[in-house]
Amino acid sequence: MTPLSDPSHPAAVCARVAAWIVVAFALGTALLHASPPPRASFPLARDGRSRDLLCDLDRKLARAPMRHERDLTRACGDAPTSSARVFSVGDDRRRGLVLRAGDHLELLVDPGEAEQLRFAAAALGKSDQMDLRIALGEGEDAAVRTERVEKAKGWISGEIAVPAGATNPMRVSIDVSAPRRRARNARLVLATPRLVEPPADRPGGARNVLVYLIDTLRADHTSVYGYGRDTTPRLAALARDGVVFERAYSTAARTRPATASLLTGLFPSRHNARLGRGLSADVETLAERLRDGGWSTWAFIANGNVFAHGLEFEQGFDRFYAVRGGRLDNHARSEDINEVLFPHLREHRDEPFFLYVHAIDPHSPYDAPPEWQVFRDPAYTGKVVPAETKSRILGKAGLDERDVQHVRDLYDEDVHYQDAMLGALLDELDRLGELDDTLVIVVADHGEEFHDHGAWEHGNRLYEEQIHVPLVVRIPHAPDLAGRRIAAPISIVDVMPTLLAWYGLPPVAESQGHDVSALLDERPAASESPAPRPIYAEEKQGPPAGDLRTLLSGRWKLIRRSEGPLDDATTKYELFDLTADPDEKSNRSDAEAEHADVLRKRLATWTQHTPSEAIARPTVEIDEETRRQLQALGYAVDEGDRLE
């Protein structure tokens, strides 16, 4: 008899114990991977509510839009009888419903805890004057508001107090009339009608959401990410009170596809908002989800690659303001955003809101206001002119290292200025008593290159300086998270699913992002280990850039560039060890052929198994005013809308 065949033999006992340990370990590992990690439990109270009535009123109207209204962004789905659209008065767009003289609408609603009905209105076309009457309740006890709507006044705002003791259901009656007979065919837009239930007077919530996107902000030029200059003191202060994601990545190195990914949770190859195209109405946006969840939704945008008519980034926003600015080059400063945003906040601060701000600074040209010109060398007399710091000029100037450093100095000044404008908004929210009730997310769409890899600005590259972006999140009333730094890599497509999870809203079925709440549940030490999940970014362009894709896995990063199918004669690969070579100067694809092969296969598998059927979207013709703004920012739109 062998020792192992004798069950009482010590060797047999040890073998059985070892076998049980292996089984227990396997079961524990299986349970660990089968059970989702604990969800983060933050005090994200959804106190108060802003309830949209537009689509309910639209269904009551049940009238097809007029011919010229069909091309506007749909606001209530794609029913053929829907007359709800997004309408512009100047640069101010709002979700509204077209009403004509003689129209009468009635709607029964549950007032709940609502205290006011708020709305906006504007005259359309050649309309001169129209009267809008809105009544809450019935008979002598009804609360009534009548507004004279005139084209010269643009958008007007109104509110009606919900009658005390309003019954359930409460009747909302809307009547439109024309004071002059010749205006009987006149039309107006009733916009953003909503019942507002203000929050209770108690601390401890996060009823508001602010997503602040800083265009072209390179992570490693911010104080938060270890830059030698104190370029972003306000962002650093926010980070000390919040969470810093040290390895946050964009999905593209251009504004339009990256911004679309942030607002949809989809990669560019899926949402297809690129190459002269905008967002399809079939894509569900973060603004739509939060609006349906009880938030008022507002956007203030200073980049024409997002606010241009026809791109349809306004989906889900009650108010979508294109901030063009007052400078001769039509380049809006961030102070121009604050100038139109602050009055809006003061008027509507009691509405639970989702606010999206898209600031254009520090985008080229790098030319900060005089009081922020603090980093440049006053003795510099080289070739670089601040107003001409655009890639098509810098690329032909034959710059030496001192010139390149001067470009960086100018950029840093713009970053410093932009940081102060972010701080001004945070200060305003604080003065209004809203900052401690607001979840703040600061992010960038992409970074910027200063000849690091032989080019300027952004686009046509997927190196770290262009796709590694800052991401700072401040969750109020969560002191345990203050100062936390998360090393695990995440993507900007993760923002939407994570926000929805934090507020208990259902996920979007086709989202390609992940809820990263579990990262905040880990202890700081545990968050230092890289996540196994790969990070993906892409850029599909015509020649000479071709098709660009990158995959990051742990310390390794693979970049694939091809003008044809995968692995044809035009395909080139670069492999970088980001731990040993963070500046991506040494291509290791030959020296580390085994690592390169593994990532090539993973990238191919990722591409095959990630839903990538581009959602159809017609090309967009940029209007002349927006074309001038894009040209002022350095985009070559003379030959068509190609760049972003």
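What to note about this one:
- FRET E, pair A152, A487, Förster distance 45 Å, beta-carbon r, rounded to 0.05: 0.20
- Here the calculated FRET efficiency for R240 and E115, from their Cβ-Cβ distance with R0 = 56 Å, stands at 0.90, rounded to the nearest 0.05.
- Difference of contour (0.36 nm per residue) and Cα-Cα distance, R145 to Y227: 24.0 nm
- Flagged links, alpha-carbon separation over 25 Å, of K540/K572; K383/K540; K126/K153: K383/K540
- For the stretch 208-632: relative contact order, % (alpha-carbon pairs under 8 angstrom, 6 or more apart): 25 percent
- Stretch gain in nm, segment H477-R59, where the contour uses 0.36 nm per residue and the Cα spacing is subtracted: 146.4 nm
- With contacts taken as Cα pairs under 8 Å and at least 6 residues apart, the stretch 238-304 reaches a relative contact order of 18 percent.
- When the Cα convex hull of the stretch 399-456 is projected onto planes of every orientation, the mean area is 4.9 nm².
- Charged-residue dipole, Cβ positions (Lys, Arg, Asp, Glu), the stretch 150-301 about Cα centre, Debye nearest 20: 800 debye
- Here the stretch 417-440 is scanned for amide nitrogen atoms under 11 Å from the site 7 Å beyond the Cα of R349 along Cα-to-Cβ, giving 427-436.
- Put in line by how crowded their Cβ is, counting other Cβ atoms within 10 Å and starting with the fewest, T146, T550 read T146, T550.
- Taking the number of Cβ atoms within 10 Å of each Cβ as an exposure proxy, the fewest-first ranking of K390, K126 is K126, K390.
- Förster-model FRET efficiency, 35 Å R0, L505 and V374, C-beta, rounded to 0.05: 0.20
- As a proxy for reagent exposure, ranking D58, D583 by other Cβ atoms within 10 Å from fewest up yields D583, D58.
- Label-to-label distance, nm, for residues given as T605 and E592 (7 Å Cα→Cβ offset): 1.9 nm
- Modelled spin-label separation between E159 and K396, with each label point placed 7 Å from Cα along the Cα-to-Cβ direction: 5.5 nm.
Each reported figure results from applying straightforward, stated rules to the coordinates on display, with no laboratory input. None of the values given here were measured: they were computed from a predicted structure. Please note: Cβ atoms are built from the backbone with ideal geometry, for glycine as well, and neighbour counts cover all protein chains shown.
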